Amino acid sequence: MEPFAEHRGSPRIPISYQVKLVVADQIIAFRSALDLSLGGLLLGGNGQIPVGTECGIAILLGSQEPGRRVVTRGTVVRVDGRGTAIAFNRDLDPAGQESLRLLIDSLSRA
């Protein structure tokens with residue numbers, strides 16, 4: 001049997017920024033995300049958000065840049081022992097896409 005192979009369109013970058021989700025007029029805070037790509041992010045912890053749930057996403061860029069955040073939208077695509085995986089919406093506006101790209105580029109160089 002062949003080992004599992006990753007078939008992601010974008011590489012995942014480890015991150016530790018706090019993330020807030022807006023789900024059905026409720027804010028759910030995650031202490032930190034595990035990784036990020038142009039396609040989505042993985043949040044740690046025991047997720048209580050059902051697969052298929054659409055949400056607003058704010059990635060808080062931390063104490064080095066107070067008040068700065070990347071804001072986007074996504075859909076929960078997996079909840080398991082590894083965490084909650086969220087795929088970013090494909091119709092993400094150009095400014096949101098560029099913010100994500102800049103964040104990932106800066107983390108890749110670090």
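The values are calculated or read from the model by the stated rules, or taken from the named source; none is laboratory data. What you see is a predicted model; the values in this text were computed from it and never measured. Cβ sites come from the backbone with ideal geometry, for glycine too, and all protein chains shown count toward neighbours. Heavy atoms of the whole protein, side chains included, go into the accessibility calculation; ligands, DNA and RNA do not. Shrake-Rupley method; radii C 1.70, N 1.55, O 1.52, S 1.80 Å.
Checked against (1) at pLDDT below 90; (2) open to solvent by less than 50 Å² (accessible area, probe 1.4 Å); (3) farther than 20 Å from E98 by Cβ, T72 passes all but a single condition, namely (3).
If the condition is being closer than 19 Å to G81 by Cα and open to solvent by 30 Å² or more (accessible area, probe 1.4 Å), then the stretch 36-54 contributes G45, N46, Q48, P50, V51, G52.
Look at the stretch 84-110: where a residue is over 13 Å from I15 (Cα atoms) and a partner is modelled with pLDDT of 80 or more and aromatic (F, W, Y), sitting 6+ places away or on another chain with Cβ atoms under 9 Å, you get T84/F30; G96/F88; Q97/F88. Within the stretch 55-66, not a single residue is under 21 Å from D105 (Cβ atoms), modelled with pLDDT of 90 or more, open to solvent by 70 Å² or more (accessible area, probe 1.4 Å) and outside any loop (DSSP other than H, G, I, E, B). Report the residue count in the stretch 23-59 for those that are among the hydrophobic types (A, V, I, L, M, F, W, C) and under 13 Å from the mean Cα position of the chain (by Cα). Going through the stretch 23-59 one residue at a time, the tally reaches 13. Taking the stretch 1-39 only, how many residues are modelled with pLDDT under 80 and not small (G, A, S)? Selection size over the stretch 1-39: 8.
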